[in-house]
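Structure first, commentary second.
The values are calculated or read from the model by the stated rules, or taken from the named source; none is laboratory data. These numbers come from a predicted model, not from an experiment. Heads up, the Cβs are rebuilt from the backbone with ideal geometry, glycines too, and the neighbour counts pull from every protein chain shown.
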Amino acid sequence: MDEYIKLDQFLKLAQIVATGGQAKQVILDGQVKVNGEVELRRGRKLREGDRVEVDGEELVVMVEPEA
């Protein structure tokens, strides 16, 4: 089981950004940290427990089991 979500998709799902273009811009601007490190790759694979920080707000990646 290797479940993940890409960073740009996560930002949209979490409603941090409205579009993929906005996600790309905040990532490339260095505004996003993953597990405390600035992340510049929008395709970064996030897994359960990873911590994403944007504008001082920290979100934890959680995987919901499929029904």
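Observations, loosely collected:
- Residue list for segment 34-67, filter: part of a strand (DSSP E or B), in contact with a strand residue (DSSP E or B) (Cβ under 6 Å, 6 or more places away or on another chain) and within 20 Å of Glu3 (Cα to Cα): Val34, Leu46, Arg51, Val52, Leu59, Val60
- Counting the residues of segment 19-51 that are free of Cβ contacts under 8 Å to residues at least 12 places away in the same chain and aliphatic (A, V, I, L, M) gives 1.
- Condition met for Gln22 (surrounded by 14 or more Cβ atoms within 10 Å (Cβ to Cβ), more than 11 Å from the chain's Cα centre (by Cα) and not in a loop (DSSP other than H, G, I, E, B)): yes
- Test: residue in segment 5-18 that is without any contact (Cβ under 8 Å) to a residue 40 or more places away in the chain, part of a loop (DSSP other than H, G, I, E, B) and over 19 Å from Glu64 (Cβ atoms): yes
- Residues located in segment 21-67, provided they are modelled with pLDDT under 95 and not acidic (Asp, Glu): Gly56, Met62, Val63, Pro65, Ala67
- When Ile27 is tested against (1) under 16 Å from Val63 (Cα atoms); (2) out of contact with any strand residue (DSSP E or B) (no Cβ under 7 Å at 6 or more places or on another chain), exactly one condition is not met: (1).
- Among the residues listed as Glu48, Glu39, Glu53, the single one being touching a helix residue (DSSP H, G or I) at 6+ places or on another chain (Cβ under 9 Å), of a type in the set (Asp, Glu) and surrounded by 12 or more Cβ atoms within 10 Å (Cβ to Cβ): Glu39
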